[in-house]
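The structure under discussion appears below in the form of structure tokens.
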Amino acid sequence: MSASSIPPSGLVRMNPPVFWFSASFILLFGVVVIAMPEQAGAWLLAAQNWAANTVGWYYLLAMTLYLVFVVVTALSGYGKIKLGADHDEPEFSYLSWAGMLFAAGISITLFFFCVSEPLTHMLQPPQGEAGTADAARQAMQILFLHWGLHGWGVFAFVGMALAYFAYRHNLPLALRSALYPLIGKRINGPIGYAVDGFGIIATVFGLGADMGFGVLHLNSGLDFLFGIAHTQWVQVGLITLMMGAAIIVAVSGVDKGVRVMSDINMLLACALLLFVLFAGPTQHLLNTLIQNLGDYLGALPMKSFDLYAYDKPSDWLGGWTVFYWAWWIAWSPFVGLFIARISRGRTIREFVFGVLLIPLGFTLAWMSIFGNSAIDQVLNHGMSALGMSAIDNPSMTLYLLLETYPWSKTVIAVTVFISFVFFVTSADSGTVVLSTLSAKGGNPDEDGPKWLRVFWGAMTALVTSALLFSGSIDALKSAVVLTSLPFSLILLLMMWGLHKAFYLESQKQIAQMHSLAPVSGSRRGGWRQRLSQAVHFPSRDEVYRFLDTTVRPAIEEVSAVFREKGLHVVMHPDPAHDSVSLEIGHGDQHPFVYQVQMRGYFTPSFARGGMGSKQLNNRRYYRAEVHLSEGSQDYDLVGYTKEQIINDILDQYERHMQFLHLVR
């Protein structure tokens, strides 16, 4: 797939075409909206209505396709493919990995929508009578749809694409890499840079919407506790304060302390959830949680395509489902990059079901417990004011619910603190991701330059402030729907590219099993020497000498003949002298990569205890392993003659040619 198995080099730096394209658009948008807030708000709302009425069907279809694609891929034979080389092992244990996925599922927007959304759906349902038990049940079904599998499906898809091409094929950790099977090296040209640019634009507006909802939520909490005015200028001040804190974290290296605070924050969030569960109607909340889950899973196929086409036309679909699908799409580069970075070495099957199910469990439990607590207050305890707040002032609704619980002031203060930390950590992570998407060079796991983090933090703050001035919640929703539309098309192209890459991988596996003649000739010294070699555990120096005296001459001799045949041959330099590599290009087709790399292992205990060889007193031994572009092939060349190594190279090359024949 990739041009080389050698990792990228050079310092990480700004990618000018991507940066200037995305930054110019965002800056122009921000200036226009701030200069003409009322007109811009009207334009955005009209554009959202157009999008909902014109391409609402497309958003529902696209999101369902993303989800179906990742699930089918995970259940198929492709699910065994590793997000990395074949020999890569996961960097994190299952428990640590699950914990980080769990953290990825928590956002400040959970606090904004967990009470206001279900009450709004109950009192203003898309169909049926409002304010009834049936409307409440439908409201929770819609809430689970908006926060359920579809959203995590698009996150899993983008994360899988980023990790697969970066860690298995050594392409840049960038969105454009997923188009490599479709356009080849042109990903490093205008088409590829435009893909990354649209991804950045969508991410900035998705992050801006998240920050906007978060600021409204925090302003309401401060108003509730301290009487701080709920005004646009106060919100701009909060945006400036918290985005400034996030930028300081992103560039100053105090990230570790914030991570510790974030871990404490997650514990507080879980404690708040349990408090609402056990201080409220516990039995009712547990019953409704299970019933909500069953209703959601039972109606999932139908709701995935429900456009309310036979109902009276309204703007409900555009204001809710279409907005949510656009928002999930806008957030997918941000969350996808995070989960890709923590998942190297996982199989696709592990990755997909981990991403789909681990954060989902907490998210749906949170929504069900808070949502049903609010619905119970409105339906069974006459708190009509709570329902009206969800419609007229949604950012205040959670605090009005918590006011009905014991120790309400303390609980609300803790909620405001949790929200503040989630705001800062999300903004911090967002600026780092945006800097990475607008940079090039370095290794896949390197972040973008610090000055880019400052810039994107400022741009996100500008966009958030502009949208709040131009129409508050409606403007936030409209901007996300519009900017996500072109990126959603790019995701479909990425799906095509990923499918093609998986097909090529399967054909290569078939080619590897293609029957070929074994390496000609026996090893020097006959079978006795072969047996001695089998129980020999070489030292580092022995393998160094073997690479220099046998492997390197064999590869150089083969390279010379390939050059005579007119092929493009590259022998990559190795500063550490612990590997020898050969790359043969075939134009736009996939290159052949053959690398012999020294790898160290702990000497087996049975060998240290019973074979008596001098080197077995050492704890490690070394092998000269063959690597192809997919990673280690798990066999050792030590003991081969130069002629046998040449035959092995030719065997692997013939398999590669068989692969090119199958995919011609």
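The values are calculated or read from the model by the stated rules, or taken from the named source; none is laboratory data. Just so it is clear, the model here is predicted, and its values are computed rather than measured. Cβ: placed from backbone, ideal geometry, glycine included. Neighbour counts: every protein chain shown. Note: accessible area is taken over every heavy atom of the protein model, side chains too, but ligands, DNA and RNA are not part of it. Shrake-Rupley method; radii C 1.70, N 1.55, O 1.52, S 1.80 Å.
Here the Karplus relation 6.51 cos²θ - 1.76 cosθ + 1.60, evaluated at θ = phi - 60°, turns the backbone of the stretch 418-425 into coupling constants of 4, 4, 4, 5, 4, 4, 5, 5 Hz, with x for every Gly and Pro. Amide H contacts for residue 629 (H built 1.01 Å from N in the peptide plane; partners 5 or more residues away or on another chain; cut-off under 5 Å): 593.
For the chain, the longest principal axis of the Cα atoms and the long axis of helix 37-75 meet at an angle of about 40 degrees.
The computed mean projected area of the Cα convex hull in nm² for the structure shown corresponds, within [x] 50.3; [y] 33.1; [z] 42.2, to [y].
Label sites at residue 57 and residue 234, each approximated as a point 7 angstrom past Cα along Cα to Cβ, lie 4.6 nm apart. Label positions at residue 307 and residue 385, each projected 7 Å from the Cα along the C-beta direction, are separated by 4.3 nm. The accessible surface of the chain, taken with every protein chain in place and a 1.4 Å probe, is 63 percent carbon and sulfur.
Helix-only estimate, please: 222 nm mean residue ellipticity of the chain, summing -39500 (n - 2.57) across DSSP H runs of length 4 or more and dividing by its residues, to the nearest 500. Working shown, then result.
Working: 23 runs with 445 residues, N = 664.
After summing the helix terms and dividing by the residues of the chain, the value is -23000 deg cm²/dmol.
Estimated from the Cβ-Cβ distance and a Förster radius of 35 angstrom, the FRET efficiency linking residue 127 and residue 405 is about 0.60. In plain terms, the chain from residue 542 to residue 454 could stretch by 26.6 nm, reckoned as 0.36 nm per residue minus the Cα-Cα distance.
Computed over the Cα atoms of the stretch 335-450, what is the ratio Rg over Rh, Rh following Kirkwood?
Numbers: Rg = 19.9 Å, Rh = 17.8 Å.
Looking at the stretch 335-450, the ratio lands at 1.12.
The aspartates and glutamates within cross-link reach of residue 312, meaning a Cα-to-Cα straight distance under 16 Å and a gap of 8 or more places when in the same chain, are 129.
Compute the projected area of the convex hull of the Cα atoms of the stretch 1-132, averaged over all viewing directions, and report it in nm² to one decimal place.
On the way: hull surface 62.0 nm².
One quarter of the hull surface, i.e. the mean projection, equals 15.5 nm².
Note that the chain presents 41 Å² accessible area per residue, ligands and nucleic acids not counted, probe 1.4 Å. The residue among 249, 142, 199 whose Cα reaches farthest toward the positive pole of the charge dipole of the stretch 133-255, with charges on the beta-carbon of Lys, Arg, Asp and Glu, is 199. Close amide H partners of residue 536, meaning residues 5 or more places away or on another chain with modelled amide H under 5 Å apart, do not exist here. Comparing Cα centroids, the stretch 79-127 and the stretch 392-412 end up 25 angstrom apart. Highest average first, the peptides 200-213, 233-246 ordered by how many other beta carbon atoms sit within 10 Å of their residues are 200-213, 233-246. Residue 572 exposes around 50 Å² of accessible area when a 1.4 Å probe is run over every protein chain in place. Using the basic label-point model (7 angstrom from Cα toward the beta carbon), what is the residue 589 to residue 572 distance in nanometres? Taking the two extended label points, one gets 2.1 nm.
Percent of Cα pairs in the stretch 26-81 per distance bin of 10 Å, from zero to the largest separation: 20, 24, 22, 18, 13, 2. Counted residue by residue at 0.36 nm each, then reduced by the alpha carbon distance between them, the extension gain from residue 474 to residue 49 reaches 151.9 nm. Shown here are the Rg and Dmax of the Cα trace of the stretch 105-248, at 20.6, 59 Å. Could you state the number of Å between the C-alpha centres of the stretch 638-664 and the stretch 545-591? About 13 Å separates the Cα centre of the stretch 545-591 from the one of the stretch 638-664.
Normalising by residue count, the stretch 52-97 has a Cα convex hull of 119 Å³ per residue. For the residue pairs 185/565; 185/642; 440/508; 185/477; 80/500, the C-alpha atoms sit more than 27 angstrom apart in 185/642; 440/508; 185/477. Solvent exposure of residue 659, expressed as accessible area, is near 10 Å², computed with a probe of 1.4 Å over the protein chains only.
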